[in-house]
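Readers should treat all values here as calculations from the given coordinates under stated rules, not as data from a laboratory. If you're wondering where the values come from, they're calculated on a predicted model, not measured in any experiment. Using ideal geometry, Cβ is built from the backbone for each residue, glycine included, and neighbour counts are taken over all protein chains shown.
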Amino acid sequence: MPVSQFPIAAGDSFPEVSIVILNWNGKLFLQQFLPSVINSTYPRKRIIVADNGSTDDSVAFLKLNFPAIEILESPVNEGYAKGYNTALQKIQSDYFVLLNSDIEVSPGWIEPIISLMQTNTEIAACQPKILSYSAKDTFEYAGASGGWIDSLGYPFARGRVFDTCEKDNGQYNDARPCFWASGAALFIRPVCFFEVAGFDDYFFAHQEEIDLCWRLQRAGYSVYVQPASVVYHVGGGTLPKENKFKTYLNFRNNLVMLCKNYPASQKVWKIFIRLVLDAVAAIKFLADGHGSGFFAILKAHRNFFYWLVFKKKAKNKPGKMQPDKEVKYSGLIIWEYYIKKQKTFSEITASKK
């Protein structure tokens, strides 16, 4: 969309937006999607590729074909969380946009979100509407139209519940608060990012953005989705959905996140219930012939307890807690989805929010 449709707040010049693409062996994605980022119409942008120890020729390709792109190089793969923490410390900007390399953007995708965040300074983080690159009328798994979380810490999204991705018929086109903004295309104010100490390095990848957004809300900020901005995500570009390491990270990181962010009055009993439900999921993996998923969950539980005993630190905890800022679903998503057979966000949240 043209800049004029989403003017920056009166009296403001265009703030600088740094689009930071974390790359690990993603030459083909950069070749395919970087031109769409370069063609973004926003007038004051920087495009930075933070290379995370790639072993392909990504960096050489960028230097040869996109010499204007800024490159930050790390000698090792630090994962999404630490990789971005390392890179963002080296960048000064009014806004960061953390963008996956496997995303196609439209020319005017930046303006609606910056306009919204300039108008409402309580918004620390915001995401666009994320549709599937392969089915552009369908919401994509990683964020859809704004991330939510249920009473036991299961994440889902407006337009995606577990593995059910809805068709986009404009049903979730309103800009509104959400619980988490997708790390696939995350707009964030640097001052807010660093105030809560950024991502948790221990997460490596997966659910680190949910943990970050939870801490931002606990610190008094809001998280939003602005569907007037649309991007198209390939998904699974780094770790395929069936990857046992991905299963391990999701289960481990979710438990760590709950332990870090639940109030003391809820922490013990809710995490106990989650451990039981995780065990049920592990048994289902085994019954379905997916032994790797079974052992990934066992490893996740083992390493959660290891973190609890040896690794747990005060890092990433905000100094104050304002739970009234949190946008949560008060029900239990697995009950609604698997027992009541309600598959869409609007069905599930019709009676409870």
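Here is how the numbers come out for the structure above:
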| quantity | calculated |
| --- | --- |
| Mean Cβ neighbour count within 10 Å, used as a protection proxy, ranking 129-138, 167-176, 215-224, 283-292 highest first | 215-224, 129-138, 167-176, 283-292 |
| Percent of alpha-carbon pairs separated by more than 22 Å within the stretch 75-180 | 42 percent |
| Whether the stretch 1-131 is rounded, prolate or oblate, judged on the alpha carbon gyration tensor where a/c under 1.5 counts as rounded | prolate |
| Part-to-part distance (alpha-carbon centres) for the stretch 158-231 and the stretch 88-117, which is given in Å | 13 Å |
| Cα-only Debye scattering, the chain: base-10 log of I(q)/I(0) at q = 0.08, 0.09, 0.10 Å⁻¹ | -0.37, -0.47, -0.59 |
| Antiparallel bridge percentage (DSSP; both residues within the chain; nearest 5) | 45 percent |
| Greater than 21 Å apart at Cα, pairs in LYS284/LYS328; LYS27/LYS136; LYS167/LYS341 | LYS284/LYS328; LYS27/LYS136 |
| Burial order of peptide ranges 265-275, 139-149 (average beta-carbon count within 10 Å, highest first) | 139-149, 265-275 |
| Choice from PRO227, PRO128, PRO43 with maximal GNM fluctuation in the chain (Cα, 10 Å cutoff) | PRO43 |
